[in-house]
1. In the stretch 62-93, which residues are surrounded by fewer than 12 Cβ atoms within 10 Å (Cβ to Cβ) and part of a loop (DSSP other than H, G, I, E, B)?
2. Go through Leu101, Leu51, Leu124 for me and flag whichever is of a type outside the set (Val, Ile, Thr) and out of contact with any strand residue (DSSP E or B) (no Cβ under 6 Å at 6 or more places or on another chain).
3. Of all residues in the stretch 653-683, which are touching a strand residue (DSSP E or B) at 6+ places or on another chain (Cβ under 9 Å), free of Cβ contacts under 8 Å to residues at least 60 places away in the same chain and assigned to a helix (DSSP H, G or I)?
4. Considering only the stretch 376-388, I want to know if a residue exists there that is within 22 Å of Met180 (Cβ to Cβ), under 28 Å from the mean Cα position of the chain (by Cα) and aliphatic (A, V, I, L, M).
5. Considering only the stretch 16-46, state which residues are touching a Gly at 6+ places or on another chain (Cβ under 8 Å) and at positive phi.
6. Quick one: in the stretch 458-499, which of the residues that are farther than 18 Å from Thr419 by Cβ and β-branched (Val, Ile, Thr) is surrounded by the fewest Cβ atoms within 10 Å (Cβ to Cβ)?
7. For the stretch 11-29, give me the residue count where each residue is outside any strand (DSSP E or B) and in contact with a helix residue (DSSP H, G or I) (Cβ under 7 Å, 6 or more places away or on another chain).
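The values are calculated or read from the model by the stated rules, or taken from the named source; none is laboratory data. For clarity, every value in this text was computed on a predicted model and none was experimentally measured. Here the Cβ positions follow ideal geometry from the backbone for every residue, glycine too, while neighbour counts run over all protein chains shown.
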Amino acid sequence: MQDQNLKNKRVLIRQDLNVPIHDGNITSDKRIQASLPSIKLALTQGAAVMLMSHLGRPVEGEYNDKFSLKPVAEYLSKVLNQPVPLVKNWLDGVSVKPGQLVLLENVRFNLGEKANDETLAKKLASLCDIFVMDAFGTAHRKQASTYGVAEFAPVATAGPLLIAELDALTKSLDNPARPMLAIVGGSKVSSKLTVLASLSKKVDQLIVGGGIANTFIAAAGYNVGASLYEPDLIDQARYLIQQAKVQGREIPIPTDVVTATEFSDSAKATIKAVADVADDDLILDIGPQTAQKFAKMAKQAKTVVWNGPVGVFEFEQFAHGTETLADGIAAGTGFSIAGGGDTLAAIDKYNIAKDISYISTGGGAFLEFLEGNKLPAVAILEQRYKQYKRKQMNVEQLLETAAAMVAPGKGILAIDESTGTIAKRLDSVNVECNETNRRDYRDMLLTTPELGKHISGAILFDETLRQNGKSGTSIVAIMNETGIIPGIKVDTGAHPMAGFTGELVTEGLDGLRARLTEYAKLGVKFAKWRAVITIAEGTPTQANIEANCHALARYAALCQEAGIVPIVEPEVLMTGTHDIDTAYDVSELVLKTLFTHLYEQDVLLEGTILKPSMVVAGDKCPNQGDVEEVAEATVSCLMNAVPASLAGIVFLSGGQTEIAATEHLNEMNKLGPLPWPLSFSFGRALQASALKVWGANPEKNITAAQQELSHRARMNGFAALGEYNANMESS
């Protein structure tokens, strides 16, 4: 909470204001006092503050004056010196302004609270900008106001009280100063067996008190008379005693006890050796000898965890054991933490609060933590924090990769042709299309000397990603050595769209999350998905544009989830008779639709690269437009449709000649400054000349082919800066 900017935010704080109330008066304000720091922090920062809590155990879904938080609202108003209205009906909205504080009526009046009803949880979450969980006392409950709201709130964080509780418990249990002593009292072993088993493995000494001690006394072979104990758990208690001894730890058994023959505040107390307990005796406290021993252990301990009295301390004649032990804890110089209702009552009774290092507000939550269990309300906050950190980590990684992909004077080499497409390319130079030749060709491209000067990344086909180059070094390693970022094509191709003749929709979302996870492990930093938009009579339809753009957006979101930068490629095909104006109109519509879908899928534009077509007339149009016209139309279209926050734009060549693609790119960059870098992601417009030279003699022409590729990469690098001119082609 301390790390959040709360100014003008609606802040919903879950607190534990479940205080004892008698005749409308609060009889202990400890939980309210413990909750004040988070309230004051939110008010000081200028938040609109809403508090929620439970009180008692009302019938869920039914209002009952007996369990109203009205006395708490009145108390808060006095202690904070400002109005604190109690809002009775609040699920459908709360009116509160910055600097104001309201208390929402008992959360247990809401049906679905205990069951963590999702609809209720979402209503709670909708009330706020930031949810603060500050109720350690209810952190062990997976309920709508403790867990569900944290799932759905825009931001969910821990309050200062919850953090302090967890810090104190962690200090006492995870890396305690030694010797470490735990004191566990209570009526039944069964209710605290898990706590005892957990603590017995961590502490140096474990004192058991109350009815629990009676079962351990019986396990040690002594008569416990008519005392409260659990004979069916004697073996469990004996096992814990034996295990502690084997491990060099200790669970001391009382040597003397205080007994009575009846359970009442007027019963006569008798001190006896533990071996002298009669059949009609009730053991109601530890004896003075044992109390002194236990107090000495507490005083010498460097860490003390206290949960429960060692006798019936409500009756004065059976309170001396607890009082002596409490004095021993107070006199100690180690770290002490106490929790549980009876323990806090004992602390108040003997006025030792100032001598306890940390007093926990939790009862059940305190025990759950001692058991070693993960508290549900803490677990969901940790989950939200991990999601936040992962997103932050991914954002940094995405921004870094995206910036490198469109670094000044650099572009992307597209060598992600499918097996069918590369077969056509190799056939054109009379080279057989087999795995070895495909590998050798792409190896030739990627090992071009100093290719990384002008090529920032390369888009690979799945086969290439998994191959080793001719040298035996993996393709990914070769790219990393030369500073070329590995990318991957992830779509499975464009297929006929059902019900829409002549239109295609790209597929490949099924199983994409798993594939992206694998690709990330293989070293991939960015990916590409190509959608195909056809201009013809009656096409493209809005349905086709929507389907393709939705798929692109879903792909992009999945990429960023995996820490991979998405290249979104909505290619408007240049095949056809359409003019440049039609190309402009279709391109603008496609781009506006795409960015609407990217926004809806919460895609981070700063970590996204657009790979569009240039705005050119169809290849069969008689008026193709000159370089300036294409550049102006393309830049105008982009300015109208593409948000300035986008990381960068890399154009596809779309069947243009090598020179034409370079000239168009250069002319566009001369129209700057522009909101985003304009660069290239060319396939044929980078490879055509290199392929032709290599194909003539794949063994002997490697260097000559690499020179062709290097030249084209250099020319396009200049064009990406707006510094290209035709004279460079012969230099």
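1. If the condition is that a residue be surrounded by fewer than 12 Cβ atoms within 10 Å (Cβ to Cβ) and part of a loop (DSSP other than H, G, I, E, B), then Glu62, Asn81, Pro83, Asn89, Asp92, Gly93 are the ones that fit.
2. Leu124
3. Of everything in the stretch 653-683, those that are touching a strand residue (DSSP E or B) at 6+ places or on another chain (Cβ under 9 Å), free of Cβ contacts under 8 Å to residues at least 60 places away in the same chain and assigned to a helix (DSSP H, G or I) turn out to be Glu658, Ala661, His664, Leu665, Met668, Asn669.
4. No: the stretch 376-388 contains no residue that is within 22 Å of Met180 (Cβ to Cβ), under 28 Å from the mean Cα position of the chain (by Cα) and aliphatic (A, V, I, L, M).
5. Within the stretch 16-46, Gly46 is the sole residue that qualifies.
6. Thr473
7. Residues that pass the stated criteria total 7.
Per-residue answers, yes or no, for (1) farther than 19 Å from Met297 by Cβ; (2) modelled with pLDDT of 95 or more; (3) assigned by TED's automatic domain parsing to the domain that holds Ala267:
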| position | (1), (2), (3) |
| --- | --- |
| His320 | no, yes, yes |
| Glu323 | no, yes, yes |
| Asp327 | no, yes, yes |
| Gly334 | no, no, yes |
| Ile337 | no, no, yes |
| Gly341 | yes, no, yes |
| Ala345 | yes, no, yes |
| Asp348 | yes, no, yes |
| Lys354 | yes, no, yes |
